[in-house]
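What follows is a short report on a single structure.
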Amino acid sequence: MELHYGDSVFSLELPPARLQAVIRAAVPAPAESPEEIVRLALAGCAETINTFNPGERVVIVTSDITRYSGSEIYLPLLVERLNGAGISDNDITIVIALGIHRKQTDHEHERIVGRLHRRIRVVDHDCDDPGKLVLVGKTANGIAVELNRQVVEADRLILTGTIGFHYFAGFGGGRKSVLPGVASRQACMASHFAVLNPTAGSGKNRRAVTGNLEGNPVHAAMLEACAMVAPDFILNTVLAPDKRIIAAFAGEWQQAHLDGCRFYAERFAFPIQAKAELVVVSCGGFPKDINFIQAHKSMEYGSQAVQDGGVMILLAQCRDGYGHPTFFNWFRFNDLDAFEAELRRHYEINGQTAYATLQKAQRFRVILVSELHPEEVPTMGLTPARSLDEALALAEAMLPADYRAYVIPEGGAVLPVFTD
C-alpha cells in the first residue's frame, strides 16, 4: 500500500501474518460534487443571508494553510450567495484565523481563497498587535477574551472551516474559528491551559480528549468566547482522507457544529478490540505533515492503537520544521513532573504539545521519518529515520518475532477507539 509523506509516497508491504488491520475511515463517496454539497448547505442559510443589507460590513473567517478545509471551493460559492443578497465585494473581508501561527504568503492566500484572490480583501489575523485586538469579555473561568477588531466590529460575521478530531478540544471547527482562531496570544494560551487540571501535579483533564465535547473545559471556554461575537452562521466542511468535501454543515453556529461533529464521529472512529505492538502511521501527506505540531495530531490519534512498550513509526515530512520557534526548547525537560510544573508556571500552547509528545515517547517507542535534523529528534525522546525502510529495520530490532501491526494511512483523520 502507499503511504503519503509530504507530496510523495512510501510503499509498504507487511507479511499478512503481521498485519492486524488497516485502519481507515468508513467514508462512501457522495453522489453530489463538492460544489453541490456546499450549495445545498448554504441553501439552508438562505433566510439568514436574506437579512443581510447592502452596505453592511461582512467578515468571513477561514482557516490557514495548515488546516485544509476546501476553502478555495466554498469561499467563492459563499461570496456568490452574499453578492446575490446585495453585498458588494468591497464590503467583504476574509480574515485568516491564524491563532498564533505564522502569517501566510501571497501564494498561500491564493490557495486558500481560490478564484477570489485579488478580488476580495484578505487579511491575516495578528495575535500580537494590541491595536488590532479588542477585549469583549471574560469567560467563567477568567479568560480575558481579546479578539480581532475587524471580526468584533463587523456588521455580519460568518465562520468557516472544517470539522475533524482535535486532541484536547474534542473536535475542530465551529467555535474554534474565534478562540483560538482570531484571539490574542494571551487568550489562546489561557484557553488551552484549561487542558490541565487545576491542582498542580494532577496532569491533564480526562475530559479534554479527542472526540469528546461533554464536560470538556477547553470546548466550554471556546463556546463562551464565540458567543461573545454571536456569528450570524457557520459553514463547516467534512473532508474525506483524500481531502474531497463529503459533507457541509451550515446554519446556527452551535447546532450546525454539533451536527457536523456527530456526522464526523460516526465515520472517522474505527473500533479495535486489541492494541498492537507496531503501528505505522502516515499523517496523510501535505499539509497534515507540514510541521511537527500539525503531525502530532496523527501521533496522538494513532497512539490509541499502540500497546504500552510497543513501537510507532510516524511518517511526517515536517517541511516547515517544528511549527513554532519555541516548541523544541521545551524538551530541555525530560522528566514529566518537572515538565508539567514548568508548563503551569509559563504556559505555552506549544509546550502543551511538547508535553503530550514526551508522554507518548515515554509510553512507547516512536520512530520518526521526517526532514527534521536527526541529531535533534532524540532530544524529543524519538528515534530518527530518513525512510520507511530504515524505520522498519529499526522497528524489527525492537519488536518480538510474532508482533502484530496496524497501518493507518490517514492518521490525521481517523481515530482508533479501543473497546475491551
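The values are calculated or read from the model by the stated rules, or taken from the named source; none is laboratory data. This structure is a prediction, so every number in the text was calculated from the model and none was measured. Cβ placement follows ideal geometry from the backbone for every residue including glycine, while neighbour counts extend to all protein chains displayed.
Does residue 404 satisfy the criteria of being surrounded by 13 or more Cβ atoms within 10 Å (Cβ to Cβ), basic (Lys, Arg) and in contact with a helix residue (DSSP H, G or I) (Cβ under 7 Å, 6 or more places away or on another chain)?
no
Applying the selection to region 285-315, what residues are of a type in the set (Gly, Ala, Ser) and more than 15 Å from the chain's Cα centre (by Cα)?
Those that are of a type in the set (Gly, Ala, Ser) and more than 15 Å from the chain's Cα centre (by Cα): 303, 305, 309, 310.
Given (1) buried (at least 21 other Cβ atoms within 10 Å of the Cβ); (2) closer than 26 Å to residue 273 by Cα, identify the lone condition not met by residue 362.
Condition not satisfied by residue 362: (1).
Quickly run through region 179-196 and pick out the residues that are in a helix (DSSP H, G or I) and within 12 Å of residue 351 (Cβ to Cβ).
189, 192, 193 - these are the residues of region 179-196 that are in a helix (DSSP H, G or I) and within 12 Å of residue 351 (Cβ to Cβ).
Would you mind telling me which numbered condition in (1) closer than 25 Å to residue 353 by Cβ; (2) surrounded by fewer than 19 Cβ atoms within 10 Å (Cβ to Cβ); (3) in contact with a Lys or Arg (Cβ under 6 Å, 6 or more places away or on another chain) residue 93 fails?
Only one criterion is unmet by residue 93, namely (1).
For the condition under 28 Å from residue 73 (Cβ atoms), at pLDDT below 95 and basic (Lys, Arg), what is the one hit in 206, 244?
Testing whether each residue is under 28 Å from residue 73 (Cβ atoms), at pLDDT below 95 and basic (Lys, Arg) leaves just 244.
Would you confirm whether any residue within region 314-334 is of a type in the set (D, E, K, R), assigned by TED's automatic domain parsing to the domain that holds residue 204 and farther than 23 Å from residue 189 by Cα?
To start, the set of residues in region 314-334 that are of a type in the set (D, E, K, R) comprises 319-320, 332.
Restricting the remaining residues to those that are assigned by TED's automatic domain parsing to the domain that holds residue 204 gives none.
No, the conditions are met nowhere in region 314-334.
Yes or no: region 368-384 includes at least one residue that is modelled with pLDDT of 95 or more, small (Gly, Ala, Ser), closer than 25 Å to residue 242 by Cα and not in a strand (DSSP E or B). Can you show your working first?
Filtering region 368-384 down to residues modelled with pLDDT of 95 or more leaves 368-384.
With the extra rule that they be small (Gly, Ala, Ser), the set shrinks to 370, 381.
Checking the rest, the ones that are also closer than 25 Å to residue 242 by Cα come to 370.
When the remaining residues are screened for being not in a strand (DSSP E or B), the result is 370.
There is at least one residue in region 368-384 that is modelled with pLDDT of 95 or more, small (Gly, Ala, Ser), closer than 25 Å to residue 242 by Cα and not in a strand (DSSP E or B).
Failed condition for residue 100, given (1) farther than 27 Å from residue 70 by Cβ; (2) of a type in the set (A, V, I, L, M); (3) in contact with a His (Cβ under 8 Å, 6 or more places away or on another chain), with all others met?
Just one mismatch for residue 100, condition (1).
Within region 390-420, can you find the residues that are in a strand (DSSP E or B) and among the hydrophobic types (A, V, I, L, M, F, W, C)?
Of everything in region 390-420, those that are in a strand (DSSP E or B) and among the hydrophobic types (A, V, I, L, M, F, W, C) turn out to be 405, 407, 408, 415, 417, 418.
For region 237-353, please list each of the strands (runs of 3 or more DSSP E) lying entirely inside it that holds at least 2 residues being of a type in the set (Val, Ile, Thr).
245-251, 276-282, 306-315
(1) closer than 21 Å to residue 174 by Cα; (2) at pLDDT below 95; (3) β-branched (Val, Ile, Thr): which one isn't true of residue 27, the others all being true?
For residue 27, the failing item is (1).
Suppose the filter is outside the structural domain of residue 192 (by TED's automatic domain parsing), surrounded by fewer than 21 Cβ atoms within 10 Å (Cβ to Cβ) and either of a type outside the set (Lys, Arg) or at positive phi (or both); does residue 76 pass it?
Criteria not met by residue 76.
Condition check ((1) at negative phi; (2) of a type outside the set (Ser, Thr, Tyr); (3) within 19 Å of the chain's Cα centre (by Cα)) across all residues:
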site	(1), (2), (3)
346	yes, yes, no
352	yes, yes, yes
360	yes, yes, yes
367	yes, yes, no
370	yes, no, no
376	yes, yes, no
384	yes, yes, no
388	yes, yes, no
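Can you tell me which residue among 31, 26 is without any contact (Cβ under 8 Å) to a residue 12 or more places away in the chain, surrounded by fewer than 17 Cβ atoms within 10 Å (Cβ to Cβ) and on the phi < 0 side of the Ramachandran plot?
Step by step, each of 31, 26 is checked, and only 31 is without any contact (Cβ under 8 Å) to a residue 12 or more places away in the chain, surrounded by fewer than 17 Cβ atoms within 10 Å (Cβ to Cβ) and on the phi < 0 side of the Ramachandran plot.
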